[in-house]
Amino acid sequence: MSLLVAIRGWSPDPWVVRFRKAAHPRPVIDAREAFDPATIHYAAVWKPEPGLLARLPNLRAIFNLGAGVDALTGDSTLPDVPLCRIVNPDLTARMTEYVVLQCLMHLRQVEAYRRLQAEARWEPIDQPAATDVRVGIMGLGVLGQDAAEVLKRLGFRVAGWSRSSKAVPGVEIFAGEAALDAFLARTDILVVLLPLTPETRGILNGDLFARLARDGVLGGPVLVNAGRGGLQVEADILASLNDGTLKAASLDVFETEPLPASSPLWKHPKVILTPHVAADSTPEALVEVVLANIALHEREGRLNDVVDRRAGY
Ligand code: NDP
Ligand code: OXD
């Protein structure tokens, strides 16, 4: 086998080095160098240049180096070979850390205390219990279910919304469009871990924010989006923060990344902003996982974590 590594937006070097070491003596080609497209059998990619994969006539499978595959499904030239994504405990644990951190930041009013500290003011604020706070997770897949488990353990009242119904002990389940209203109406902290597909694009808009619970102990609904920036309408987030429809937002992903310096989100006092780092992919955790999947394909003709190309995730 020969493996092409094509990465944009992250530094490709540590990936190429680790793939070369772990795959030795099999060839690993760095897409930044000249290569013969006919020699490539597998590709490990993150946001590759559109059209690149279509130029590989002997490609057998594509391995996306993250969980979300929207950068690939959005390429109309993507070849019709199996597309695999990352499902891995390291990535899952990182996302759960992010989600739990944000829920606790809002529960324990960390931003308000930071402001009081800056003014040397000793002013206790009423402290709600986690058991009084309703977290609703949009996207109850691999990442959503793990975050739900930990939030539940901390006492939050957790619900999940997904396309299909599922059984997650201790989590209130809502499925499909018909259940969305009821899900939103019982949600104080909306955690978004949806993939970006034609169905989910722009779903986080003013109309949806207005349907969130307004009777919660936090004093207004909070948005936490670590799914994809294309899910959200940033003008609506800003308007909703400014008119009180949303109390606060934690945003890791944006319509345009990097977020332009001109975006009012940067300095908004109700926004906690991170640069798409909720759950980093690392070569240390993932190179061997991809190579094991290639070995499985060569040995048994099957693959793990194959994306449903029709559903788009
Ligand atoms: P999964 O495919 O395991 O889960 C996706 C969930 O979304 C499923 O529950 C699915 O429903 C649900 N869903 C999809 N479409 C719809 C829809 N139209 N209506 C309702 N529910 C829907 O993905 P992961 O949990 O592994 O990852 C989720 C996303 O997180 C990724 O696609 C990526 O965009 C993002 N991500 C962001 C990172 C970051 O650093 N910010 C890092 C990693 C991932 P069902 O179960 O019925 O299929
Ligand atoms: C992912 C990401 O999808 O890092 O894994 O965004």
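The values are calculated or read from the model by the stated rules, or taken from the named source; none is laboratory data. Fair warning: this is a prediction, and the values are worked out from it, not measured in the lab. Glycine also receives a Cβ, built like all others from the backbone with ideal geometry; neighbour counts cover every protein chain displayed.
Identify all residues within the range 49-71 that are under 22 Å from L231 (Cβ atoms) and away from ligand 1 (no atom under 12 Å from the Cβ); write none if there are none. Walk me through it before giving the result.
We begin by selecting, within the range 49-71, every residue under 22 Å from L231 (Cβ atoms); these are 50, 64-71.
Scanning the range 49-71 gives a single hit, P50.
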Could you say whether any residue in the range 147-166 is of a type in the set (G, A, S), farther than 14 Å from I189 by Cα, within 16 Å of ligand 2 (Cβ to nearest atom) and under 17 Å from the mean Cα position of the chain (by Cα)?
-> no
Among (1) surrounded by fewer than 20 Cβ atoms within 10 Å (Cβ to Cβ); (2) within 16 Å of ligand 2 (Cβ to nearest atom); (3) within 24 Å of I203 (Cα to Cα), the one test that W266 misses | (2)
What are the pairs, 6+ residues apart or on separate chains, where a residue within the range 124-152 that is farther than 24 Å from D181 by Cβ has its Cβ under 7 Å from a residue that is among the aromatic types (F, W, Y)?
-> A130/F156
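Name the single residue that is farthest from S2 (Cα to Cα) among those in the range 50-87 being outside any loop (DSSP other than H, G, I, E, B) and of a type outside the set (A, V, I, L, M). Working first, answer last.
Of the range 50-87, the ones outside any loop (DSSP other than H, G, I, E, B) are 53-55, 61-64, 70-73, 83-84.
Within this subset, residues satisfying the condition of being of a type outside the set (A, V, I, L, M) are 55, 63-64, 70, 73, 84.
Details: R55: 15, F63: 13, N64: 16, D70: 25, T73: 23, C84: 17 Å.
Checked the range 50-87; the qualifying residue farthest from S2 (Cα to Cα) is D70.
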With respect to W15, is the statement that it is among the aromatic types (F, W, Y) and either modelled with pLDDT under 95 or crowded, with 20+ Cβ neighbours inside 10 Å (or both) true?
-> yes
Does the range 203-210 contain at least one residue that is more than 16 Å from ligand 1 (Cβ to nearest atom), in a loop (DSSP other than H, G, I, E, B) and within 27 Å of T92 (Cα to Cα)?
-> no
Quick one: V69 ticks every box in (1) closer than 21 Å to E284 by Cα; (2) of a type outside the set (S, T, Y); (3) in contact with a Ser or Thr (Cβ under 9 Å, 6 or more places away or on another chain) except a single one, so which number is it?
-> (3)
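Here is a check on your reading of the model: is V99 of a type in the set (A, V, I, L, M) and not in a helix (DSSP H, G or I)?
no
Go over the candidates R20, R60, R55 one by one and state the one that is more than 18 Å from N293 (Cβ to Cβ) and more than 13 Å from ligand 2 (Cβ to nearest atom). Show your work before the answer.
Values: R20 fails: more than 18 Å from N293 (Cβ to Cβ); R60 fails: more than 18 Å from N293 (Cβ to Cβ).
After applying the criteria, what remains is R55.
Could you pull out the residue among V253, V224, V289 that is part of a strand (DSSP E or B) and of a type in the set (V, I, T)?
Numbers: V253 fails: part of a strand (DSSP E or B); V289 fails: part of a strand (DSSP E or B).
Only one candidate qualifies: V224.
I'd like the full set of residues that are away from ligand 1 (no atom under 13 Å from the Cβ) and in contact with a strand residue (DSSP E or B) (Cβ under 6 Å, 6 or more places away or on another chain), limited to the range 272-291. Please lay out each step first, then the result.
In the first step, residues of the range 272-291 are kept if they are away from ligand 1 (no atom under 13 Å from the Cβ); the result is 272, 283-284, 287-291.
Matches in the range 272-291: I272, V290.
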So which residues in the range 4-41 are of a type in the set (F, W, Y), part of a loop (DSSP other than H, G, I, E, B) and over 20 Å from R60 (Cα atoms)?
-> W10
Check the range 232-248 and report whether any residue there is within 19 Å of the chain's Cα centre (by Cα) and closer than 22 Å to R8 by Cα.
-> no
